[in-house]
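Contents: one structure, followed by commentary.
The values are calculated or read from the model by the stated rules, or taken from the named source; none is laboratory data. Just so you know, these numbers come straight off a predicted model, no measurement behind them. Virtual Cβ from ideal backbone geometry, glycine too; neighbours counted across all protein chains shown. The protein model used for the area step is the full one, side chains on, heavy atoms only, and it has no ligands, DNA or RNA in it. Shrake-Rupley method; radii C 1.70, N 1.55, O 1.52, S 1.80 Å.
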Amino acid sequence: MDRNTIIAIVLCTIVIIFSTTIQTMFFSPDPSTYTTETVENVDNIESNVSTGPEEAYGRDFYAVGEDTTSDPFVIENEVSRITFNPVGASIDSVLFKEHLSDGEPSELIFKDSDDINPFMLYAGDDTVNPIDPVFNYNISNLDDRSITQITFSRDFDTRDGRRFKINKIYAVPNNDEYMVQLVVNIETEDGSRIPLNYNGYTYTLGFGPQVGPEFESIGSAYDYRRINYLRDDKGGKSNVSYSNGVFTYDEFDSDEFIDWMSLTGKYFVSIGIPETENIISKYSATNATYDSGVSQENYFYFTRESTSEASITDVYSYYLGPQDRGELTKYDRAEDNVFGLSDHRLKEAMDSSWLWWLEQILNWCLAFIYRFIPNYGVAIIILTIIIKLLLHPLSKKGTESTAKMSALTPKLNEIKERYADDPEKQNMAMAKLYKEEGINPMSSCWPMLIQFPILIAFYGLLNKNIDLRGAMFIPGWITDLSIPETIFTLPFNIPFLGNQIHLLPIVYTLSMIYSMKITQQASSAGQEGMMKFMTYGMPIIFFFVLYNAPSGLLVYWTCTNIISIGSQVYVNKKKGQQFKLELQKEDEEKALAKKKKRRK
């Protein structure tokens, strides 16, 4: 790889960054308009009713009635299994039937036994003490809308004798959707003002502490948890990023009204959408470590402003599912989902590059190959071969140019010796030789520029493709393409690498060194040091960068190197000999012409 190639790759990267910035600044979509619909009351199918003596609760109000069963219960649809808990009318668990971990449904909600459940209510703007008495509940089916409705309710009395009721109504689609809708209704018995008013707020609705799957530590490029939020009036999505133990919130104002807020992991995402007005969004993110719990906690909250009304009804929608563009875009068109939601732009919660469209194409190709050969490792190799064949017309010129330069090595060495003390004349003589022989050193650059976007797209696809979770390639070695393979574990840590020994990064590094070496056989004058760095230094750097990369990514990159090596060796052997004969013939003809000229 010569200097011009390096410059071209750097320029390509600058162009990508510049185009992304221009797109973000000047081509943001129009502000969203929401279509919401509140679930309605129907006849009970199952119910538990509480009556009984008064129970003290809260700062200045009490839960009224006797607690009934607090046993959790399960509501299922085609893709999810949701466990509801009458304590606090909350959710214990969300399991995904189609996405497995160790052969079992994956869990969205990752929490310790002492953590507060998601979807708890808090009085005012408090986020520490949940309203957690046992709620009464009934379950009903809205057959006309293909929805199961779970209605939780509980009466409360204030210290001065005023009574009010809190209703939390969940709606779960019966089909294959991952959206859950929640209605929070608070009303007084006598029509007076709702007595909940703390620091100017009525209640807070929380989600946390974390999204799964379970982890011991995060923060690397290959596993993460991020908070994102969308504000159309400020140009679209913003990130809440994590770096060196500190969370950065992109100038997020805790008193802002936002379109949605999400807690995004590598594979799954929880997106909370306030569908009614007067809802303020907040966040909380810590990096606390627990002996047997969550090593990083992330919460987001929706806080309701105080009201002078006797009754309020607020609607929230929560997407609880995989990072899947097809699923997330269902909520851009009302006719595509049972709730009639539209224009929510949930796909922006995904961690995807501006090459997402290329990722989609590659993902479709990978899935198509998998239908015939149900092994994603083999599918990655086949797709890599197909890509190399498609790019062969471009790469052919580069490999032939390298072979020609290799054939010119004796002449190039002669020039170096002749002008050993004058690098400028060396370069001029080499440029003249390249021109006479019809060689363009830049011809090997164009295939790399074409492959650069494909490489980025493949990186994004293989790094977070949910279909690769748990996908086995080679039994006993590469058992999960979404994580690094491990051949053995040391009883001590190696600096920068840890205690797990991965074989694929070693194979990849060796293949990259050899690939670089056979394409750098004829370097320009004065660039031997640069060529040595590119041949040995860059692969070693990439070895450390990609040491903990997903196996699928390294399978792709190693396969690409091996194909490039085979192609270059073939051309060097077949074409190189041909070029040497042509050069020899040209030299003989030139010598004969000079001899004739001298005779004349």
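Observations
- Ordered by 1.4 Å accessible area with all protein chains kept, Trp364, Trp557, Trp356, Trp477 run largest first as Trp364, Trp356, Trp477, Trp557.
- Given their separation in residues at 0.36 nm each and the Cα-Cα distance between them, Leu389 and Thr486 gain 31.8 nm when the chain is fully extended.
- Full extension of the chain segment joining Ile501 with Asp176 gains 112.9 nm, where the gain is 0.36 nm per residue of separation less the Cα-Cα distance.
- Under the Debye formula (equal points on every Cα, no solvent term), log10 I(q)/I(0) of segment 74-220 at q = 0.10, 0.16, 0.17 Å⁻¹: -0.42, -0.95, -1.03
- Put Arg163, Arg345 in order of accessible area, highest first, and with a 1.4 Å probe you get Arg163, Arg345.
- Thr158 accessible area, assembled protein chains, probe 1.4 Å, Å²: 20
- Rounded FRET efficiency, nearest 0.05, which uses the C-beta distance separating Glu214 from Thr307 and R0 of 45 Å: 0.65
- In the assembled protein chains, Tyr419 presents an accessible area of approximately 60 Å² (probe radius 1.4 Å).
- Net lengthening on full extension, Tyr62/Asp144 (0.36 nm per residue, minus Cα-Cα): 25.7 nm
- Förster radius 45 Å - calculated FRET efficiency between Asp332 and Glu436, Cβ distance, rounded to 0.05: 0.15
- Rounded to the nearest 10 square angstrom, Ile75 shows an accessible area of 20 square angstrom against a 1.4 Å probe.
- For Glu98 and Leu510, the FRET efficiency from 1/(1 + (r/R0)^6), where r spans their Cβ atoms and R0 equals 35 Å, is about 0.35.
- Cross-link pairs Lys435/Lys517; Lys168/Lys464; Lys97/Lys388 - those with Cα-Cα distance over 30 Å: Lys168/Lys464; Lys97/Lys388
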